[in-house]
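These notes are about the structure you will find just below.
The values are calculated or read from the model by the stated rules, or taken from the named source; none is laboratory data. What you are looking at is a predicted structure, and each value in this text was computed from that prediction instead of being measured. Glycine also receives a Cβ, built like all others from the backbone with ideal geometry; neighbour counts cover every protein chain displayed. Protein only, heavy atoms only, side chains kept; ligands, DNA and RNA dropped before computing areas. Shrake-Rupley method; radii C 1.70, N 1.55, O 1.52, S 1.80 Å.
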Amino acid sequence: MKNLKSGKTIFTMLILIFLPALIGAADLGLEELLAQEVNVASQKSLSIRETPGIVTVITKEDIENAGANDMIEVLRMVPGFFFGADVSEVVSIGMRGIWGNEGKILLLLDGHEMNELTYSNLMLGNHIPVELIERIEIIRGPGSAKYGGFAELGVINIITRKADREDYAKANLVYSIFEETYSRRGGSGAFEKSFGDFVLDGSFSYKQAIRSNREYYDMYGDSFDMSSNSFIKPMNASLGIEFKKFEANFMLDKYDMTAKDIYDYALPKSVEQAFDYYFADLKYTYEPTEKIKIVPNLKYKLQYPWKITDTDSTVAENYWHLKAEKATENVTFTYEHSSDFSFMLGEEFYYERCMTGDTLQVPFADGSDKLVNQNISVFSEILYNIPKVEILLTAGGRVEYNQKYGYFAVPRAGLTKVFDKMHFKFLYSHAFRSPSFMNVDGSSDIEPEKTKSIELEMGYVITPEMYIVGNIFDITILSPIVYYFDEETFLEGYINDTRIGTRGAEIDYRIKYKPFSLNLSYSYYQANDNQVDLYGVAEDEKLLLGAPAHRIAASMTYNFNEKLFVNLSGEYMTERWGYYAYDDVNEVFLSQQYPSIYMLNGYARYKGLFMKNLSIGIFARNILDAEYSFIQPYDGAFAPLPALDREIGAKISYEFNI
């Protein structure tokens, strides 16, 4: 692997050089961060140390300091995450060793579910406009009791609106290159304006990017240049309206890409593939007394995912045009008796359907052109601060009735205790993953996955400027929904397999002095009695495909003054296993171990150049030119997808009051 020894040396030296300086720096403190209230893990807003979940908050400052360009770069800051490739050259996410693209991780963008409805998948890589993000609240652990069937392993809640309403506008531009061509270019903007009780906000983002500039090799040894066959064109636009207690938000999200390998072999030519999403969200907050809050909420989303409409005879077998939509009604009732006791009760009903988009689309397995599903659920949460011992008890759960798989229930319970400098959390949760339309199509007996999770967390404020938190976890998924393909009959579909599970540990260490800051994280997992061959590594039963057992991430920032700062960020991950080729003689796909990876990034930004609020930044990604690839985290016959080589670019941002 290129520059492996030098990469290891540089990465280690950076830690050793910066850490002593950080410890001896002046005071800024982490109190403000730790005191932030979040509600991603509970209905009631609580501090990060007290909330009943393994929660990480990524701030606008964190994203800006790292010079991040997309969600993959942002989420690399968080322990527990890893990334892999799936069919059609899509890149998505896994957590704690388990592949999460198949509906196991919920991603919310200003309250909108970004999981598509046909397979429940998520598309990352130059998708979400990160320069518009104000904060991200993340649960590493089950969230089904609050959010339902997409939140089995975790929740990523992205918020682009400012918490403190203010009149502003901002614009951003980015341009970067490889050695021979551009790697990404585009711009975005956002605004917010108040007119008394009426508030209007909006945003727009459009970019062009290239997935990779390296050579791609399919399972049969054929190759093509990705720099001319992996274009990505994301576009996002939103409009928000707020009047007193009423809120409305509308969003359009388009993710267009080209792909030349849809499944296991390279096509004669690239095809255009589109993911077109439309969202609407209406909410009203009614507070008849200081202790009672009632919030009715209506949501609608319309999607055209995985759309390929090229009728050329050489690629026509990949034609795909489905339309999916979902309408959701939700009401929550919250009673806050005191700071020591609160109660929440809610109900939710949704109606969803999936239809063929035109007459060229192959009908569903039952011969129809439409699939329909309905679901109703009741969920609750009690927060009680036990007297004398001052331990916060969280108890609740969710009961669902689905027209396809009947009744289902998931309980949750948690105990959290905050001392002066120390906190503890014990969390026990059940969770589930709802089968998607294409899971059910042709598999009438499919059932939800069932998950059990135990988590323990302990954190300690070493000084007002230094904080460390760690957790251990044990996750078991029973009846996981897995893909199958019969090579004799050529039939494919989904079944419930036996079980898959992981256990491990995560550590997050933060220092925030002035003028230095450091974020350092470590994560580890091992497979726990995995019985699903599709995900397993034959050579090592403690590993799962595509996921490194150990991963370290670091981000270090130095502020020279109020205008200039530099950031160095890096990541180390241990060896991964993946399938890469087909053996014609033995008629099997071959797997191999991929070497450990060191990646280093740099970013420098100057604020106030020529104009007060004008910022100009220069970044370099993958400085060591590591040959990193996204590996398919299951035996799905898709070859590793090359990532970017070294990338150099610049970004400009300007924010002003209006």
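Structure above, values below:
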read-out	value
Close pairs from segment 396-424: first over 26 Å from Leu46 (Cβ atoms), partner assigned to a loop (DSSP other than H, G, I, E, B) and of a type in the set (Gly, Ala, Ser), Cβ under 8 Å, at least 6 apart	Asn402/Ser434
Residue list for segment 249-265, filter: in contact with a Ser or Thr (Cβ under 7 Å, 6 or more places away or on another chain) and not hydroxyl-bearing (Ser, Thr, Tyr)	Asn249, Phe250, Met251, Ala259, Lys260, Ile262
Residue within segment 423-437 that is at pLDDT below 90, among the charged types (D, E, K, R) and part of a strand (DSSP E or B) present	no
The lone exception for Gln632 - which of (1) assigned to a loop (DSSP other than H, G, I, E, B); (2) of a type outside the set (Asp, Glu); (3) in contact with a Gly (Cβ under 7 Å, 6 or more places away or on another chain); (4) open to solvent by 20 Å² or more (accessible area, probe 1.4 Å) it fails	(4)
Where a residue in segment 116-128 is touching a residue at least 24 places away in the same chain (Cβ under 8 Å) and its partner, wherever it lies, is in a strand (DSSP E or B) and of a type in the set (Asp, Glu), with Cβ under 7 Å and at least six apart	Leu117/Glu352
Criterion (open to solvent by less than 60 Å² (accessible area, probe 1.4 Å), touching a Gly at 6+ places or on another chain (Cβ under 7 Å) and part of a strand (DSSP E or B)) met by exactly one of Asn385, Asn375, Asn330	Asn330
Unique match (being closer than 30 Å to Leu30 by Cβ and either among the basic types (Lys, Arg) or in contact with a Cys (Cβ under 7 Å, 6 or more places away or on another chain) (or both)) among Lys417, Lys450	Lys417
Residue match in segment 164-171 (condition: in a strand (DSSP E or B), within 28 Å of Glu113 (Cβ to Cβ) and of a type outside the set (Gly, Ala, Ser))	yes
Some residue of segment 405-428 being in contact with a helix residue (DSSP H, G or I) (Cβ under 6 Å, 6 or more places away or on another chain) and either more than 30 Å from Ala316 (Cα to Cα) or open to solvent by 40 Å² or more (accessible area, probe 1.4 Å) (or both)	yes
Any hit, segment 307-317, residues being among the charged types (D, E, K, R), surrounded by 18 or more Cβ atoms within 10 Å (Cβ to Cβ), in contact (Cβ under 8 Å) with a residue 12 or more places away in the chain and in contact with a His (Cβ under 9 Å, 6 or more places away or on another chain)	yes
Scope segment 606-621; condition open to solvent by 40 Å² or more (accessible area, probe 1.4 Å) and in a strand (DSSP E or B); matching residues	Tyr606, Lys607, Ile616, Ile618
Entirely in segment 496-583, the strands (runs of 3 or more DSSP E) that have 2 or more residues that are in contact with a Ser or Thr (Cβ under 8 Å, 6 or more places away or on another chain), in contact (Cβ under 8 Å) with a residue 12 or more places away in the chain and open to solvent by less than 20 Å² (accessible area, probe 1.4 Å)	499-514, 516-527, 550-559, 564-573
Among (1) of a type in the set (D, E, K, R); (2) outside any strand (DSSP E or B); (3) under 30 Å from Ser228 (Cβ atoms) - the single one Glu290 does not satisfy	(3)
Sole exception among (1) surrounded by fewer than 16 Cβ atoms within 10 Å (Cβ to Cβ); (2) under 21 Å from Val87 (Cα atoms) for Tyr483, by number	(1)
